[in-house]
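The values are calculated or read from the model by the stated rules, or taken from the named source; none is laboratory data. Quick caveat, the model's predicted, so the values are computed rather than measured. Please note: Cβ atoms are built from the backbone with ideal geometry, for glycine as well, and neighbour counts cover all protein chains shown. Surface accessibility is based on the protein's heavy atoms, side chains included, excluding ligands, DNA and RNA. Shrake-Rupley method; radii C 1.70, N 1.55, O 1.52, S 1.80 Å.
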Amino acid sequence: MSDKKILTTTAGAPVPDNQNSLSAGERGPVLLQDYQLLEKLAHQNRERIPERVVHAKGWGAYGTLKITGDISKYTKAKALQKGAKTPMLARFSTVAGEQGAADAERDVRGFALKFYTEEGNWDLVGNNTPVFFVRDPMKFPDCIHTQKRHPKTNLRSATAMWDFWSLSPESLHQVTILMSDRGLPVSPMHMNGYGSHTYSLWNDKGERYWVKFHFKTLQEHKHYTNSQSEGVIGQSRETYQEALFGTIENEEFPRWSFQIQVMSEAQAECADFNPFDLTKVWPHGDYPMIEVGEMQLNRNPENYFAEIEQAAFSPSNVVPGISFSPDKMLQARIFSYADAHRYRLGPHYEALPVNAPKCPVHHYHKDGSMNFTGQMSGNVDAYYEPNSVNGPVEEKSALEPELRIYGNGARYDHRVRNDDFSQPRALFELFDEGQKSRLFDNIAAAMSGVKSEIIERQCKLFDQIHKDYGAGVRARLK
Ligand code: NDP
């Protein structure tokens, strides 16, 4: 018997001719009853789904997270216990560019991880930078608008970016990282990943600790200068895809050291900065790194669209032992990421194979578009809760300790009592002369065409970080 597969319609019927449309005569016209032709054309029209508003261009692979350190005093999460090995998916991305953008552009990189744990999926949706441009989610859509195209010119606008940044001093830290060497890594393998937000861990005694997650590249940091990247993009716009896919095909599996910083609730009370402010890091000297394990990427997806374009990461996905914090940006992303997936992929995005947990899933959500899972309670009579038909019930051991609330409901001015200069200054002082010089060059280049009053407002902010910073940028602009 031949093992040759027969071409069928999506309804399974054999297709007799896939080369010639059904026509009234040799010269046409075609007949409306040629369903195979109609189906092919209709499918082609529906091949694209909305690209992500941010992080549209991405590259991803599967791997494993291995835990080698003992952090059981901080967390009961099974995936974080010594000896645990958890399958995972990583998706890296640029933030601003559309799907067709070149990979080697200066931009923040997304560093999104999905861990398929036995207690449900844990997603850590971070960046290659430990901080972000804004600390209050009220500013998030405006911040992103400045990275995207102008409504009339349909061009990216340096004016919009610097106008917004120069009026938002909390962006200085991220802007300094973006314009420094680390703002243009040569590949996803040659950069760190940071959970960026403050999250929390909680242990089996019900004690909560605040935590920062770090994934440090073991391939070493490598960056392009602006002029190197121009040459690279001239040769190929797909260098990250080529590099990540190629290195895994060659079985040179990239690795990252997984580390955390921990802060007790008592330490957070007396910290001299807001530990839940996404524009700030936790200084290593005060909150030392704790080695937890290693992440390795070792398998390419079989189908980019199904497994990477449809991969849906959301900070809302936590598991017992890992939770949120008062970080306002994190709290907004808990809503907005899952909401983006419902819009792009539909209400059942978590049931798609790449997003589906590897552990049993039972819930009472019903129906909705493209529901292919049926009744998820495991019992046809259990379509409401509580019930007396032995449907799934809540698990009290997953109840996390109370989240400490700091203050009352009000609109607190995020500029008050917030020092936006000391941490970028600490970073600037880490840079050697070559790094500082490239920072000034990159900023001056990015300011091309921007009005002088905006440039001067921004340079005054650089002056407050360090007089050499403002002076260095001004000298390059002459
Ligand atoms: P440390 O000197 O202990 O830490 C400095 C850290 O800065 C390094 O560990 C490294 O982070 C990172 N770093 C080193 N060179 C560069 C560079 N060229 N560009 C960007 N980051 C670099 O001091 P602090 O912890 O007090 O931090 C000082 C400043 O370093 C911060 O204000 C912040 O800007 C930056 N930083 C701090 C991080 C933190 O979590 N504390 C993380 C990243 C940057 P890594 O080991 O992650 O590569």
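Odds and ends about this structure:
- Length added when fully stretched, Asp468-Ala426, from 0.36 nm per residue minus Cα-Cα: 13.8 nm
- Among His414, His150, His173, the sequence by solvent-accessible area, most first, with a 1.4 Å probe is His150, His414, His173.
- Protein accessible area in the chain, 1.4 Å probe - carbon and sulfur %: 52
- Dividing the summed -39500 (n - 2.57) terms of all DSSP H runs of n ≥ 4 by the residue count of the chain sets its mean residue ellipticity at 222 nm at -8000 deg cm²/dmol.
- Relative contact order computed over the chain (Cα-Cα under 8 Å; 6+ residues apart), in percent: 17
- Rolling a 1.4 Å probe over the heavy atoms of the protein chains gives the range 1-144 an accessible area of 52 Å² per residue.
- Inter-centroid distance (Cα atoms) of the range 27-89 relative to the range 418-452, Å: 37
- Average accessible surface area per residue within the range 207-250, 1.4 Å rolling probe, Å²: 52
- Charge dipole of the chain about the Cα centre (unit charges at C-beta), most positive-ward option of Gln435, Pro50, Thr373: Gln435
- Selection of trypsin sites (Lys or Arg not before Pro), the range 205-303, meeting DSSP coil and at most 14 other Cβ within 10 Å: Lys205, Lys222
- Global form of the range 1-160, assessed from the alpha-carbon gyration tensor, a/c cut-off 1.5: oblate
- Packing-based ranking, highest mean first, of 440-447, 86-93 given that Cβ atoms within 10 Å are counted: 86-93, 440-447
- Look at where the Cα atoms of the range 285-346 and of the range 150-217 average out, and the two centres are 15 Å apart.
- With both labels modelled 7 Å from their Cα along Cα-to-Cβ, the Arg156 to Arg46 distance reads 3.5 nm.
- With the convex hull constructed from alpha-carbon coordinates only, the chain shows a mean projected area of 30.9 nm² over all directions.
- Considering only Thr68, Ile308, Met179, and ranking their Cα positions along the charge dipole of the chain that arises from unit charges at the beta-carbon of Lys, Arg, Asp and Glu, the one farthest toward the positive end is Met179.
- Normalised per residue, the accessible area of the range 422-477 is 49 Å², obtained with a 1.4 Å probe and no contribution from ligands, DNA or RNA.
- If the chain linking Lys85 and His365 were pulled fully straight, counting 0.36 nm for each residue of separation and taking away their Cα-Cα distance, it would gain 97.7 nm.
- The range 76-94 residues near the modelled Gln219 label - backbone nitrogen below 19 Å, point 7 Å along Cα→Cβ: 88-94
- Net charge dipole size for the range 1-47 [Lys, Arg +1 and Asp, Glu -1 on Cβ; Debye, nearest 20]: 60
- Positive-end residue, the chain charge dipole about Cα centroid, Cβ charges, pick of Ala398, Met263, Val450: Val450
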